[in-house]
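The values are calculated or read from the model by the stated rules, or taken from the named source; none is laboratory data. Given the structure is predicted, the values throughout are model-derived calculations rather than measurements. Every residue, glycine as well, gets a Cβ built from its backbone with ideal geometry; the counts of neighbours run over all protein chains shown.
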């Protein structure tokens, strides 16, 4: 509990001193669909931070926590703070090479211990990022840990490929961006033994995800003083080696879940020297198609979650 609260306090206290320069590769936020630029004419982040070191800090509040479509056994509220750091290492022509590391900590009420908040989630990640024209490839290592024992520790290696279709859509005169992505992760450690709310117990499995995040930006007011970014992310998670067989009786399922969200973000009027701040929120509908994901949540298959978040880039 203490580390979860300290993370949130540190994030909120340090946020005024640090701001935007680029997003990291870890996709730590549930509002990741809003992290991509929504138009090529968006303000250049280098006007805020022209250095090679960039930060992404924030906190999210939600009525439930889902991990790859699997509802985690914690009650509302679920509060998570995160810190990401990205380094611009070098460029070879049109190829940019960078590295990143970060940390996410989660606190929530657990149904069985009565504590106001329990430290149920700690995630650390490190990796490399390659950018070539509209493509961005992240390759990294993630450690999932639960100090209070909500789930057993897991370590993974994986990669994620994103495509920024802003230029393509502009050339086609389409005022909507899709931002497709695909990611693949493979467990290298799984300490669960009998029942898990993360992946098949006692085995090392693979997770595959594909998705799009249609986006649009529009201005509010006659002078365009406020800009609202809206997104509708659609995501499907799957596995060919029983990732979602979470219980001994669960049948193998290739498709684990499908989710559809409605997100919106508004940049806050903070001077550029303090970074780029934004307030965001949204709703996400999750349908668990895998039997194991339903079994660990009392056979519920459909969920509607809501959340809000505050994020600062530098």
Practice task
Kindly state which strands (runs of 3 or more DSSP E) lie completely within the stretch 154-260 and contain at least 1 residues that are within 16 Å of the chain's Cα centre (by Cα) and modelled with pLDDT of 90 or more.
Solution key: 154-163, 181-190, 206-212, 226-231, 234-238
Exercise for the section: Run down 98, 149 and say which single residue is assigned to a strand (DSSP E or B), farther than 26 Å from residue 304 by Cβ and over 18 Å from the mean Cα position of the chain (by Cα). Expected result: 98
Problem - Test for residue 131: is it at pLDDT below 95, surrounded by 14 or more Cβ atoms within 10 Å (Cβ to Cβ), within 27 Å of residue 182 (Cβ to Cβ) and touching a strand residue (DSSP E or B) at 6+ places or on another chain (Cβ under 7 Å) - result: no
Problem - Checking residue 232 against (1) surrounded by fewer than 19 Cβ atoms within 10 Å (Cβ to Cβ); (2) in contact with a helix residue (DSSP H, G or I) (Cβ under 9 Å, 6 or more places away or on another chain); (3) closer than 22 Å to residue 299 by Cα, the condition it does not meet - result: (3)
Practice task
Output the residues belonging to the stretch 277-312 that are in contact (Cβ under 8 Å) with a residue 60 or more places away in the chain and touching a helix residue (DSSP H, G or I) at 6+ places or on another chain (Cβ under 7 Å).
Solution key: 280, 288, 300, 312
Completion exercise
Note on the stretch 224-242: residues touching a residue at least 60 places away in the same chain (Cβ under 8 Å) and farther than 22 Å from residue 312 by Cα are 237
Handout entry: Filtered residues of the stretch 265-289 (kept if in contact with a strand residue (DSSP E or B) (Cβ under 9 Å, 6 or more places away or on another chain) and farther than 23 Å from residue 213 by Cα)
Key = 269, 270, 274, 275
